[in-house]
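Worksheet: one structure, shown below.
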């Protein structure tokens, strides 16, 4: 399942997409430590599989929370959380 | 005229309802399961008898979520002879899913809406737009109602029932009349702001001052709301068949404009689209208890 966490308001659309089907095969859980703001957490989904989600309180603040990893100049090809996921299951849409 | 003589009209208040399946006269001996969807604005309760839709209710969520869940369930049970003790398994869902005091499990509203919409519209359904009181969700599901992707926005009132209530109060039009009134125009006007309800409200006020009729302003507002949610659907991807759930599914002005923007016709139903979440929850409850029984044998 592709879970899109984030929001849209008058300034734009800010979502992080997570392909949670790959979480069950993941041993490293690299996403949890890769984010300096600790936006990710592991939870049991409705079907009792452990998957990564964006913490509920952070969903509507991603624009500001993630700004630190997105400099205007020399933005890395892969953000720390995108790189940390060995399955490349995390994608920022902005 | 004094203030005490003025009748205060609540234009935002939509009608609460309950329903009982006329084809089921006696459910004694049946497996009774239930789902309760406590939303930020409305609460629905659905009862299944041996997996078949038996009764439901839809009420305004009060200030106390547990009481809203109990009130909704009791009203759904009205005339059935059932009591809370007859429920073999109940699933709570929605914004207040952990506040259903008699629930055996809570399941997210995304999963429940997909399952409930699959029950209402059938296995061909792939894209669901749920327009709730304070949030808006675009959901993809497979043929058995299992979610394959979702995108939700609850940051902003634009595209939600709350936004519609704001315009109902502004124009002194009952919220249930907005849809049909929005078509009482000669020509479709351009939309008001689709990015923010505050901006849209200001624009609507200015348009009224400029001489626009209420109907024309409502058309512009419904158009803006349709544009806003169409963007969410396109961002998550559109695939037919497509259906709309939630309270705004009853607003024909928004529904028809969404269809026109996307070039896709939404599936229709005689059922109350607002019960999709609770119906999905009740269906999951039914599966949980019947699977448990099968494992026990």
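Our Cα-only numbers for segment B:126-266 put the radius of gyration and Dmax at 14.7, 51 Å. Considering only the Cα atoms of segment B:204-296, their convex hull presents on average a projected area of 8.4 nm².
Volume of the convex hull of the protein assembly as shown (Cα atoms only), normalised per residue: 177 Å³. Roughly how many Å is it from the Cα centre of segment A:41-74 to that of segment B:21-46, as a whole number? Each part reduced to its Cα centre gives a spacing of 36 Å. Rounded to the nearest 10 degrees, the angle from helix B:214-236 to the longest Cα principal axis of chain B is 50 degrees. With the simple spin-label model, which puts each label point 7 Å out from Cα in the Cβ direction, the residue B:50 to residue B:154 separation comes to 3.8 nm. Segment B:150-175 and segment B:69-113 have their alpha-carbon centroids 26 Å apart.
Across the alpha-carbon atoms of chain B, the computed radius of gyration and Dmax are 19.9, 73 angstrom.
From the largest down, segment A:2-92 spans 38, 27, 19 angstrom on the principal axes of its Cα atoms. Of the residues B:32, B:24, B:178, the one that moves most in a GNM of chain B with alpha-carbon contacts below 10 Å is B:24. Residues within the reach of a label modelled at residue B:252 (point 7 angstrom out along Cα to beta-carbon, backbone nitrogen below 17 Å), restricted to segment B:196-239, are B:215-216, B:218-220, B:222-223. For chain B, the longest principal axis of the alpha carbon atoms and the long axis of helix B:252-262 meet at an angle near 90°. Largest GNM mean-square fluctuation across B:90, B:283, B:80, computed for chain B with C-alpha springs under 10 Å, falls on B:80.
Peptide A:59-70 shows a mean partner chain C-beta count of 1 within 10 Å per residue C-beta. GNM remark for chain B: springs join alpha carbons under 10 Å apart, and the peak mean-square fluctuation among B:85, B:268, B:215 falls on B:85. Here r is the Cβ-Cβ distance between residue B:63 and residue B:290 and R0 is 22 Å; the resulting FRET efficiency, rounded to 0.05, is 0.05.
What value, in deg cm²/dmol to 500, does the helix sum -39500 (n - 2.57) over DSSP H runs of n ≥ 4 give at 222 nm once divided by the residues of chain B?
Details: 8 runs with 109 residues, N = 297.
When only DSSP H runs of four or more count, the value is -12000 deg cm²/dmol.
Between residue B:146 and residue B:25, the simple spin-label model (points 7 angstrom out along Cα→Cβ) gives 4.1 nm. Beta bridges per DSSP, both residues in chain B: antiparallel share near 70 percent.
For residue B:10 and residue B:85, a Förster radius of 30 Å and the Cβ-Cβ distance give a FRET efficiency of 0.25, rounded to the nearest 0.05. Round to the nearest 0.05 the FRET efficiency obtained for residue A:83 and residue B:202 when R0 = 45 Å and r is the Cβ-Cβ distance. After rounding, the FRET efficiency stands at 0.55.
What value, in deg cm²/dmol to 500, does the helix sum -39500 (n - 2.57) over DSSP H runs of n ≥ 4 give at 222 nm once divided by the residues of chain A?
Working: 3 runs with 14 residues, N = 94.
The per-residue figure over chain A is -2500 deg cm²/dmol.
The length gained on full extension between residue A:73 and residue A:42, counted as 0.36 nm times the residue separation minus their Cα-Cα distance, comes to 8.0 nm.
The distance between label points at residue B:183 and residue B:210 comes to 2.6 nm (points 7 Å beyond Cα on the Cα→Cβ vector).
Beta bridges per DSSP, both residues in the protein assembly as shown: antiparallel share near 75 percent.
Read-outs: derived from the displayed coordinates by stated rules, not from any lab. Values in this document were obtained by computation on a predicted structure and should not be read as measured data. Neighbour counts are summed over all protein chains in view; Cβ atoms, including those assigned to glycine, are modelled from backbone coordinates with ideal geometry.
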